[in-house]
Every structure is written in C-alpha cells, then in structure tokens.
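The values are calculated or read from the model by the stated rules, or taken from the named source; none is laboratory data. Quick caveat: nothing in here was measured; it's all calculated off a predicted structure. As a convention, Cβ positions derive from the backbone with ideal geometry for all residues, glycine included, and neighbour counts pool all protein chains shown. Areas reflect the complete protein model, heavy atoms only, side chains present, ligands, DNA and RNA absent. Shrake-Rupley method; radii C 1.70, N 1.55, O 1.52, S 1.80 Å.
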Amino acid sequence: MNTNTDRQIFAKFLGLLLLIADLITLYMFIHNYLFLNFWSSQWFISISFIIVLYGSGLALFSIGSKEDSTKTIILIFGVGYILISLVLYLFWGYNLTFRWYHNGLSTFMGYFVLFVVSAGVGIICFNYCSVQYLRFPSYGYGLSNFTYICFLLFKYVIKNRYLQTNIFIGEIILLVIGALLFLILFFTSDSDKALNRNWIV
C-alpha cells in the first residue's frame, strides 16, 4: 500500500469521525433545547462546533473519497439541514405569530441566525451536487411559506386579532424571507446555466 493510499484512507476515516461528531453535536443541540438559549455561551459554542466539524469533516472525507461518494454524503447532509431549516422556519413563524409575548428583537435575531446557518449549509450542499437539485429545497420553502400565510390568515382574518406594529413587521420580514428563498432557488434551478453545467462551491 503506497503512501498516497494510506493518506486517503486516513483522511476518509477521520472525515467520517468528524461528520459523526457533527451529527452528535447537532442532535444534542436540538434534543437539549440549547438552540432556544439564544446568545448564551453554549449557544455560540454549539453553532461554532456544528459548522467547524461539518466543514472540516467534509473536506477530509472528500480528500480520501471519489467524487461520487463525496457528493452522496454532501447530499444526505444537505437534505438534513434543509429539513431542519424548514421545521425551524415554521417553528419561528408559529412563535412569532401566536406566541408574540415570548418574542423580542433578540429572540427574532436568534431564530434568524439559526435559520441562516441551517438553510445556508443545506443550499450549499445541494448547489455543490447540482444546481438543478435546488428546485427540491425551493418546493419545501414554497410549501412552508404557504403554511405561514395560512398562520397569518388564521390570526388576522379568522381570529380577528389586533395588529401590533412591531410583531407585524417581523411577520412580513419572515414572509419575505420564505418567498425570496422559494423564488430564487426555483428560478436558479431552472436557468440555462443549471441545464448545462453544475456550479462548484
């Protein structure tokens, strides 16, 4: 066995360990409700570890694996992070719309940071595999945005709740975020560039 093969095997093995550690960290972050402890030291540390472990693990795994294997792992993680971002979007929207008394600017920004991290990682993963795959997350964001519109209709039309300016501004921002993600990803995946080549992140 030559030196290059040894290095590739070790890089792949270490990369897998780091990716598994990333999954464990992500699980504990969600299971222990640390993601709701906005701006605490544990919150910052957990997010940092999730990003660093994923990035370094993926880099090492790609060194020791063929391109197809790397793309498969990236796509699996991409699906997971997109699902997390979709659940987070609806959870964020529900709390903002129906539990407004628990919300402040710091809470809103905390959800925003979590959403950007999870959606960003997921979109990058799909984009790396193929731009055409971006249409799948766009479907999810489109459905989530529609669900959030139903939340707002229920609140303001059916329940006839009074409008609070600060909460309403947050609701509009959240609605715009979901709509923009749907439109950008949907039309990017359907562009001429997407039909002819993949983007490399």
Against the condition over 26 Å from PHE186 (Cα atoms) and open to solvent by 10 Å² or more (accessible area, probe 1.4 Å), how does THR72 come out, does it pass?
no
Could you list, in sequence order, all residues of region 150-167 that are of a type in the set (Phe, Trp, Tyr), within 28 Å of ILE123 (Cβ to Cβ) and either out of contact with any helix residue (DSSP H, G or I) (no Cβ under 6 Å at 6 or more places or on another chain) or at pLDDT below 90 (or both)?
none
Search result, residues across region 146-188 that are touching an Asp or Glu at 6+ places or on another chain (Cβ under 9 Å) and either closer than 14 Å to LEU86 by Cα or open to solvent by 80 Å² or more (accessible area, probe 1.4 Å) (or both)
TYR148
Looking at region 20-60, which of its residues are closer than 14 Å to VAL121 by Cα, of a type in the set (S, T, N, Q) and surrounded by fewer than 15 Cβ atoms within 10 Å (Cβ to Cβ)?
SER48
Given the conditions (1) more than 25 Å from GLY140 (Cβ to Cβ); (2) out of contact with any helix residue (DSSP H, G or I) (no Cβ under 8 Å at 6 or more places or on another chain); (3) at pLDDT 85 or above, every one holds for SER56 apart from (2)
With respect to LEU114, is the statement that it is open to solvent by less than 10 Å² (accessible area, probe 1.4 Å) and in contact (Cβ under 8 Å) with a residue 60 or more places away in the chain true?
no
Could we say that GLY80 is surrounded by 19 or more Cβ atoms within 10 Å (Cβ to Cβ), assigned to a helix (DSSP H, G or I), within 15 Å of the chain's Cα centre (by Cα) and modelled with pLDDT of 90 or more here?
no
Could you list all residues from region 110-135 that are among the hydrophobic types (A, V, I, L, M, F, W, C) and out of contact with any Gly (no Cβ under 9 Å at 6 or more places or on another chain)?
PHE112, VAL113, LEU114, PHE115, VAL116, VAL117, ALA119, VAL131, LEU134
Can you tell me which residues in region 7-19 are surrounded by 15 or more Cβ atoms within 10 Å (Cβ to Cβ) and either of a type in the set (D, E, K, R) or under 27 Å from MET109 (Cα atoms) (or both)?
LYS12
